[in-house]
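Working notes, structure below.
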Amino acid sequence: MKLENEEHNNAFFCAINGIKSAIKTERNLKFDIFVAIVIIACGFLFRICLFEWLICILSIGVMLFAELMNTAIEAVVDLYTREKNRQAGIAKDISAGAVLVLSVNVAVVGIIIFVPKVYNIIIK
């Protein structure tokens, strides 16, 4: 029983180390974390409702997940080859494209939630 618990703890600490490593090395992930903090601060400032909180938290989580997956895919491709390789480039480009699609989606969600609140403050 103790061995299973140690394996779970090890898996948890490996995951935390992976996140730390990505934060140290990935500029885009640092930016995404900064934006997440701004979104959370705006959520408190504008007193968004529970449903809007759920959408914001889900959007932040999915965005960070996508950025971490993109980082992992790039690392695996780099293990495969450091030389110019068409297929490796395509894999990296598609992974980055997936993050871009999600980024646009999350930005639209943010606009839908926060622009009306800013507008109401300006109008009142």
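Every read-out reported here was derived from the displayed coordinates using simple, explicitly stated rules and does not represent laboratory data. Bear in mind that the values here come from a model prediction, so they are computed numbers and not experimental data. Positions of Cβ are backbone-derived with ideal geometry, glycine not excepted, and every protein chain shown enters the neighbour counts.
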field: Residues of segment 56-73 satisfying the condition of being crowded, with 16+ Cβ neighbours inside 10 Å, over 9 Å from the mean Cα position of the chain (by Cα) and not β-branched (Val, Ile, Thr)
entry: Cys56, Asn70
query: Is segment 102-109 home to any residue that is surrounded by 11 or more Cβ atoms within 10 Å (Cβ to Cβ), touching a helix residue (DSSP H, G or I) at 6+ places or on another chain (Cβ under 6 Å), of a type in the set (Ser, Thr, Tyr) and in contact (Cβ under 8 Å) with a residue 24 or more places away in the chain?
result: no
task: State yes or no: is Ile48 surrounded by 12 or more Cβ atoms within 10 Å (Cβ to Cβ) and over 17 Å from the mean Cα position of the chain (by Cα)?
output: yes
message: Condition check: over 23 Å from Ile113 (Cβ atoms) and part of a helix (DSSP H, G or I). Does Ala36 satisfy that?
response: no
field: Exclusive hit being outside any helix (DSSP H, G or I), closer than 22 Å to Val106 by Cβ and of a type outside the set (Gly, Ala, Ser), set Ile60, Ile48
entry: Ile48
